[in-house]
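Contents: one structure, followed by commentary.
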Amino acid sequence: MNGVKRQIQIELSPENVELISKYDMEMVRQSIAIATRQKHLKTLLSLSRLLQKNWSDVKKDDIEQLVYEIMQRYGDESGKETNYSYDHKKILKIFFRWMKLGSREFNRVSDPPETAQVRMKKVKDKIIREDLLTDDDISRLIHVCGENARDRALIDCHYEGGTRPVTFSSKIISCDTCD
């Protein structure tokens, strides 16, 4: 968390640093999880880099240009929404709502005119049934674990969570390289 805050202080104007710090304090007051706060701060840093001006000076045209840049950089090759572009637009709307209207919550204050037209499309889930582990795959994996309760629990949790085999194996590989 300190790393992203330090990066914000290094790269952004003092006015933007102060504004984003106040936003972070608001997230703390609302008991928002550290991981969510960090995601918002990293995304605001990314948005500020694209914007290249103080947030207080932003007009509707700037927001439209920013959304265009988000989709050009972070949309998929066919121009469709990705999880990354969706998150950028969502955090843009939440932050700008807080900055202009004093609340992060849409149902309390709606959206300011500058971001009212920013739309986020649902990202298609690319997981297909063939990508998931079968019951037989799980049985074989658990058998290979033998008496190791930790590994058995890890496999069982990933299975219950619907983790794809490729994701699951990459987690195992990254864990093995850490030891």
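Restricting attention to region 17-36, which residues are without any contact (Cβ under 8 Å) to a residue 40 or more places away in the chain and either closer than 10 Å to LYS5 by Cβ or outside any helix (DSSP H, G or I) (or both)?
Of everything in region 17-36, those that are without any contact (Cβ under 8 Å) to a residue 40 or more places away in the chain and either closer than 10 Å to LYS5 by Cβ or outside any helix (DSSP H, G or I) (or both) turn out to be VAL17, ILE20, SER21, ASP24, SER31, ILE32, ALA33.
Could you tell me whether ARG49 is surrounded by fewer than 15 Cβ atoms within 10 Å (Cβ to Cβ), assigned by TED's automatic domain parsing to the domain that holds LEU92 and under 16 Å from ASP87 (Cβ atoms)?
So ARG49 passes the test.
Look through MET71, MET99 and report the one residue that is closer than 21 Å to LEU19 by Cα and at pLDDT 90 or above.
MET99
Part of a helix (DSSP H, G or I) and surrounded by fewer than 20 Cβ atoms within 10 Å (Cβ to Cβ): is that true of GLU64 in this structure? Working first, answer last.
Details: part of a helix (DSSP H, G or I): yes; surrounded by fewer than 20 Cβ atoms within 10 Å (Cβ to Cβ): yes.
In short, yes.
Return yes when MET27 is among the hydrophobic types (A, V, I, L, M, F, W, C) and touching a Ser or Thr at 6+ places or on another chain (Cβ under 8 Å) and no when it is not.
Yes, satisfied.
What tally of residues in region 37-59 results from selecting those that are part of a helix (DSSP H, G or I) and of a type in the set (Val, Ile, Thr)? Don't jump to the end; show me each part of the working.
Narrowing region 37-59 to residues part of a helix (DSSP H, G or I): 37-51, 55-57.
Filter once more, so that each one left must be of a type in the set (Val, Ile, Thr): 43.
Adding up the residues that qualify gives 1.
Mind checking which residues of region 3-36 are surrounded by 13 or more Cβ atoms within 10 Å (Cβ to Cβ) and basic (Lys, Arg)?
LYS5
Go through region 72-104 and count every residue that is of a type in the set (A, V, I, L, M, F, W, C) and touching a His at 6+ places or on another chain (Cβ under 9 Å).
The total comes to 3.
Which residues, taken from region 73-113, are over 15 Å from THR43 (Cβ atoms), in contact with a helix residue (DSSP H, G or I) (Cβ under 7 Å, 6 or more places away or on another chain) and surrounded by 13 or more Cβ atoms within 10 Å (Cβ to Cβ)?
Hits for region 73-113 are GLY75, LEU101, SER103, VAL109, ASP111, PRO112.
The values are calculated or read from the model by the stated rules, or taken from the named source; none is laboratory data. Not measured: the values here are computed from a predicted model. Cβ sites come from the backbone with ideal geometry, for glycine too, and all protein chains shown count toward neighbours.
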